[in-house]
Every structure is written in structure tokens, then in C-alpha cells.
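Notes to accompany the following structure.
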Amino acid sequence: MQTTVHPPRLVDSHAHLDMPEFDAAREEVVRRAFAGGLVAILCPADLTQPRSLPTILDLAEVFPHVLAAAGVHAHQAKDMAESHILELRELASRGEIRAVGEIGLDYHYNFSSPDIQRDVLRRQLVAGRELGLPAILHSRLSGPDIITAVDAESFTGGGILHCFTEDWDTARAMLDRGFFISFSGILTFPKAHELREVAKKIPLDRLLVETDSPYLAPVPFRGSVKRNEPAYVSETAKLLAGLRGLPFPDLAEATTRNFASLFPFEKTGREC
Ligand SMILES: [Zn+2]
Ligand SMILES: [Zn+2]
């Protein structure tokens, strides 16, 4: 008797499918991911970029398991206007976004000044709190200030600290505040020893995986592909499974279950 072996169900919790790198093959990239075992992809749109949100909403229209989030990224904080907060409210009231994000702080690039970044983060956390939405947080060299902002705005809606690169103290503080911790292809990079140690310690029921496409292609694709894409999230998940001494299908199932507990995507009633 023949049995069909299905690939483990996986979720890419963070992919920038609005980026021009996907213009030539956006739907094809999503179909390839779903054909390879993915069951959902979360796409954060940046409200300061005119093409970003329409591109993601169009994609979510075609693929019900592509979930949209929206916000103003730390890099673009200097371009935030009050109209972006109004837009968040409208999007939330129409049920078009599942989270506010990505928002956060990036003290590595400092494309916007740290003061402006902190102000823009806090205003969006307030919006998220009032709208009852989780947050997708970006933090680079800014863990303590992210925690301060979450506490200062009494943000208890949880969400995801994405593309995690901070230390264990930051991870633990965000876990205490109800957040999931998501790992990208950085986890597979040869020099990421400390990050892998942190990844071993995150409780299994708080772990997520992502690609952060089109950036950060995981090993073995790193350097050999022109851009990352959601299908490659399996490489990060396999590495994480190995680190934790778990079979890959178990790690895949756990991260998918975690994502579904935050964003119950399977209640849309449609198959991809
Ligand atoms: Zn980010
Ligand atoms: Zn991102």
C-alpha cells in the first residue's frame, strides 16, 4: 500500500513579500512555499512606503493564509505622520491587519535618531493596545529600551520579537511579557554561537521561525541565491530542531501551533 508523506507543516512568521525583489514572481514564491509545506506567512507592511500595504493586501486577498500586519519600521520612524496611526485604526476596524508591525528600535543602523525611534515605537504600541492587536517587534542592539517601551505603555497584547539577535536577558524579559521569540536564518550562520545558545533555552511553546525575506537567506542558500524566500524557512527550523535534540517534524509542529495560537489562521475556512 502506498502512503503519501506530507512535509511537516511550517509557518514563516515574517516575510517582506512587498519588496521589489518579489515583483517578478510574488505569487509563484507563495505557491512554492505552500507546496513545500508552509501553511501560513505573516507579511509586515510599512505604512511610509506607498506600494507596501497595497501589495500585501492584494497578496492576502489571493492567499487567505498570507496574513498582513502594518506599522512604521524603526528605519522609517522619521517619516511617520499622524495619518499612519489613523490608517492603523482603519485597517484594524476592517480586519485587514492581524498585528501592528513591524515596529521597534534599531540602534545598529540608526537611520532615524534614537529619540524619534523611541517616540514612534511608543505611539504605535499605544495604538496596538487600544486596537487590541499584538505587536511585531524589531530590536537590534536595543533590548533594554524595547522592554522599557513595552512597560511604559502598559502593552500587554503580546506578539513576536522577530529576527531575534539580542541576549538571553532580553529574551527572558520579553517571554515574561507574553511575547514569542522568532529566529531567522541568522541562526544558521557559522558565527552565531551565542544566538544558538539562547535559542536552546526558549520554551518550546514560545518559539517561532521566520525568513525575514528577501534578506538573511539561511545556510546552505546563503551566498548562492539572489534573495531569500519563505520556502527556505525549513532550513532554520531544521537547525533549531537539531539544536534542541528534537525531530524536525516535532519542532515544525510546535512552531506552527505557536503561531496559530497567536494568529488563528486556520479559522478562515479556506484552503490555500
Ligand atoms: Zn525587523
Ligand atoms: Zn522585517
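Once the Cα-Cα distance is subtracted from the 0.36 nm per residue extended length, the H108 to E266 segment shows a gain of 53.2 nm. Farthest toward the positive end of the dipole of the chain, out of L42, H108, L240, is the Cα of L240, where the dipole comes from beta carbon charges about the Cα centre. Note on R89 and H6: the model spin-label points, each 7 Å out from Cα along the C-beta direction, lie 4.3 nm apart. Spatially close Lys pairs in the chain, defined by Cα atoms under 19 Å apart and a spacing of eight or more places or different chains, total 5.
Residues of the chain were split at every exposed loop site, defined as trypsin sites (Lys or Arg not before Pro) in a DSSP loop with at most 12 other C-beta atoms within 10 angstrom, and the longest piece left, sites excluded, is 95-190. Near P190: Cβ cut-off under 12 Å, other residues only, Lys/Arg at +1 and Asp/Glu at -1. The net charge is +3. The calculated FRET efficiency for the pair A35 and E96, based on their C-beta separation and a Förster distance of 22 Å, comes to about 0.25.
As a proxy for reagent exposure, ranking S182, S139, S261 by other Cβ atoms within 10 Å from fewest up yields S261, S139, S182. Secondary-structure-derived ellipticity at 222 nm for the chain, considering helices only, amounts to -12000 deg cm²/dmol, per-run term -39500 (n - 2.57) for DSSP H runs with n ≥ 4.
With a cut-off of 11 Å between beta carbons, the residues surrounding I97 carry a summed charge of 0, where Lys and Arg count +1 and Asp and Glu -1. Quick check: from the Cα gyration tensor, does segment 1-137 come out rounded (a/c under 1.5), prolate or oblate? It comes out prolate by the Cα gyration axes.
Annotation: the residues V30, V233, V126, sorted from fewest to most other C-beta atoms within 10 Å of their own C-beta, follow the order V126, V30, V233.
Footprinting exposure proxy ranking of T55, T148, T236, T156, fewest other C-beta atoms within 10 angstrom first, gives T156, T148, T55, T236.
Read-outs throughout are calculated quantities, based only on the coordinates presented, and are distinct from any laboratory measurement. Here the structure is a predicted model, which means the values were calculated and not measured. Quick reminder, even Gly has a Cβ in these numbers, built from the backbone with ideal geometry, and neighbours come from all protein chains shown.
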